[in-house]
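Okay, structure first, notes after.
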Amino acid sequence: MNTHFVPSFKLPGSVSFKPRTVSQLSVRSGLIEPDGGKLVDLHVAEPERGLKKREAALLPRVKLSRIDLQWVHVLSEGWASPLTGFMRESEFLQTLHFNSLRLGDGSFVNMSVPIVLAIDDSQKERIAESKRVTLVDLDDNPVAILNNIEIYKHPKEERIARTWGTTAPGLPYVEETITKAGNWLIGGDLEVIEPIKYHDGLDRFRLSPVELRQEFEKRNADAVFAFQLRNPVHNGHALLMTDTRRRLLEMGYKNPILLLHPLGGYTKADDVPLSWRMKQHEKVLEDGVLDPETTVVSIFPSPMHYAGPTEVQWHAKARINAGANFYIVGRDPAGMGHPIEKRDLYDADHGKKVLSMAPGLERLNILPFRVY
């Protein structure tokens with residue numbers, strides 16, 4: 001079967017959106033392969049956890065912030081596949097300058113935001129010549145071992161300028177994690193001792209890429225279309241998601257499944273808290289606004305950068321690893337108001353334009369839309 005996708009969607013009322021390009025899109029069975037061909041799983045096997053904890057007790061320690069721990073979570077489950085830990089300098093530079101990583105076979109995968117761990121001078125001195133360190137949480141519990149480490153300078157200004165396109169004061173993620181961070185970055189391969197849990201009543205929604213793929217296969221999905229929110233679902237969102245499924249059925253797919261995937265890591269203070277968003281998402285399914293048989297609600301554990309067109313590539317790339325082959329993107333994705341001037345920080349249309357051209361995202365069908 002080779003059904004072709006109509007280049008422009010027209011939704012009832014006021015919303016329209018277009019796919020990645022006007023080139024033909026064909027219906028394919030099976031889930032999209034993860035970046036690098038295989039999902040990374042950085043968890044220590046359960047029988048070995050006691051041994052790893054004993055090893056961890058003998059190593060120099062690096063304390064993780066709340067956001068650092070969220071990145072350990074992201075890395076451990078393979079959202080950033082094929083990354084196997086916090087970035088070493090070569091990966092950091094490729095991400096900053098190329099928004100992609102070159103693999104061993106010469107191919108590229110998209111990687112647009114640095115996933116790095118900062119340390120200060122005193123931590124660097126304590127690590128000394130050790131090639132391994134233990135990462136501990138705020139209560140000093142061992143979380144992971146970082147192996148074959150590399151320590152290199154943390155070029156804060158360059159990182160901020162290239163990730164956000166500005167060094168203006170007031171960028172939330174920058175002020176939270178970079179400005180006061182150490183002057184060094186430490187990279188290496190992670191061994192995560194136990195799966196990351198938050199014990200906030202929402203862990204049941206935090207499905208890993210492996211678990212999501214299993215759920216999609218259980219539901220016999222032949223297409224997965226992902227939609228990320230950091231605010232509650234409104235009627236326009238619901239209309240868009242239901243109409244997208246209808247259009248995919250018209251293309252020839254038999255059972256397209258929606259991944260409703262709210263961001264669950266760090267967000268700025270004026271965003272709606274995750275607990276309230278999840279209650280609202282559950283209510284949307286309970287009331288039948290979205291069909292629970294064809295919708296999977298899960299939490300994406302990544303912190304939010306508010307880095308606009310640069311960050312939205314990361315959001316799209318991570319959904320490939322979760323099994324999505326369609327990604328819905330709207331106005332000013334991952335954007336925010338300028339921290340100083342009374343305007344948006346990014347052009348509202350640049351996110352969807354960048355996604356349609358981004359290296360390493362060619363396999364993902366981008367579904368931009370706009371509201372008139």
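Out of (1) in contact with a helix residue (DSSP H, G or I) (Cβ under 6 Å, 6 or more places away or on another chain); (2) at pLDDT 95 or above, what's the single condition that is false for Thr3?
Among (1) in contact with a helix residue (DSSP H, G or I) (Cβ under 6 Å, 6 or more places away or on another chain); (2) at pLDDT 95 or above, the lone unmet condition for Thr3 is (2).
Just to confirm my filter: which helices (runs of 4 or more DSSP H) fall fully inside region 257-372 and include at least 1 residues that are at pLDDT below 95?
In region 257-372, the matching helices (runs of 4 or more DSSP H) lie at 274-286, 350-357.
(1) modelled with pLDDT of 95 or more; (2) open to solvent by 40 Å² or more (accessible area, probe 1.4 Å); (3) assigned by the TED database to the domain that holds Pro262; (4) in contact with a strand residue (DSSP E or B) (Cβ under 6 Å, 6 or more places away or on another chain): which one isn't true of Ala221, the others all being true?
For Ala221, the failing item is (2).
Can you tell which of Arg20, Arg28 is touching a strand residue (DSSP E or B) at 6+ places or on another chain (Cβ under 6 Å) and either open to solvent by less than 40 Å² (accessible area, probe 1.4 Å) or at pLDDT below 95 (or both)?
The unique qualifying residue is Arg20.
If you take the residues in region 224-243 that are open to solvent by 50 Å² or more (accessible area, probe 1.4 Å) and part of a helix (DSSP H, G or I), which one is modelled with the highest pLDDT?
Thr242
In region 271-304, which residues are over 23 Å from the mean Cα position of the chain (by Cα) and either open to solvent by 10 Å² or more (accessible area, probe 1.4 Å) or without any contact (Cβ under 8 Å) to a residue 40 or more places away in the chain (or both)? If you could, list the steps in order and put the result at the bottom.
Here is the first cut: in region 271-304, the ones over 23 Å from the mean Cα position of the chain (by Cα) are 283-293.
Passing the criteria: Lys283, Val284, Leu285, Glu286, Asp287, Gly288, Val289, Asp291, Pro292, Glu293.
If we only count strands (runs of 3 or more DSSP E) wholly inside region 131-204, which ones have 1 or more residues that are at negative phi, crowded, with 17+ Cβ neighbours inside 10 Å and under 21 Å from the mean Cα position of the chain (by Cα)?
142-153, 184-192
Go through (1) farther than 25 Å from Gly201 by Cα; (2) free of Cβ contacts under 8 Å to residues at least 60 places away in the same chain and name the single condition Glu311 misses.
It is condition (2) that Glu311 fails.
The values are calculated or read from the model by the stated rules, or taken from the named source; none is laboratory data. Remember, predicted model here, so these are calculated numbers, not experimental data. For neighbour counting, all protein chains shown are included, and Cβ atoms are generated from backbone atoms with ideal geometry for every residue, glycine included. Surface areas here come from the heavy atoms of the whole protein model, side chains and all, with no ligands, DNA or RNA. Shrake-Rupley method; radii C 1.70, N 1.55, O 1.52, S 1.80 Å.
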